[in-house]
Amino acid sequence: MLGTLNGALEVRGLKLPAAAIAATAEGVNEVVDGIIRLTEIRIAYRLRIPAANRELVDRALAKHQEKCPTAVSLSASVRISWTADIEETGSLTPPTGTPAT
């Protein structure tokens, strides 16, 4: 789902550096009818975005799961949920050196 989210952001004109977009995933296994099955996946995103792009990011997050081939393939048998910890910044461009005096 991270790749789908990143692609959705890029299509909307927001290319985040690798250090500004990350995710962790947790799978839950349960015994169902005597068989251990993957029943749930929880994704936790960490995003650092320009504050001016918050609405764009919220729209991409709202749609990305239904556009993700893996999530769609698993949705009949595995619950998938996600959260997003979003840090808004003034800019993603790191400072470049010190000003000349």
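Determine if region 41-48 includes at least one residue that is in a helix (DSSP H, G or I) and either at pLDDT below 95 or closer than 14 Å to residue 5 by Cα (or both). No, region 41-48 contains no residue that is in a helix (DSSP H, G or I) and either at pLDDT below 95 or closer than 14 Å to residue 5 by Cα (or both). Looking across region 29-49, the residues that are within 15 Å of residue 74 (Cα to Cα), in contact (Cβ under 8 Å) with a residue 24 or more places away in the chain and not acidic (Asp, Glu) come down to 37, 38, 39, 41, 42, 43.
Give me a count of the residues in region 16-33 that are charged (D, E, K, R) and either surrounded by 11 or more Cβ atoms within 10 Å (Cβ to Cβ) or not in a loop (DSSP other than H, G, I, E, B) (or both). Give the steps one after another, and end with the answer.
Residues of region 16-33 that are charged (D, E, K, R), as a first pass: 26, 30, 33.
When the remaining residues are screened for being either surrounded by 11 or more Cβ atoms within 10 Å (Cβ to Cβ) or not in a loop (DSSP other than H, G, I, E, B) (or both), the result is 26, 30.
Residues flagged as charged (D, E, K, R) and either surrounded by 11 or more Cβ atoms within 10 Å (Cβ to Cβ) or not in a loop (DSSP other than H, G, I, E, B) (or both) within region 16-33 amount to 2.
So which residues in region 50-87 are surrounded by 16 or more Cβ atoms within 10 Å (Cβ to Cβ) and either in contact (Cβ under 8 Å) with a residue 60 or more places away in the chain or part of a helix (DSSP H, G or I) (or both)? Selection gives 53, 56, 57, 60, 61, 64, 65, 68, 71, 80, 82.
Out of all the residues in region 23-39, is one or more modelled with pLDDT of 95 or more, within 17 Å of residue 9 (Cβ to Cβ) and of a type outside the set (A, V, I, L, M, F, W, C)? No, region 23-39 has no match at all.
The values are calculated or read from the model by the stated rules, or taken from the named source; none is laboratory data. Fair warning: this is a prediction, and the values are worked out from it, not measured in the lab. Please note: Cβ atoms are built from the backbone with ideal geometry, for glycine as well, and neighbour counts cover all protein chains shown.
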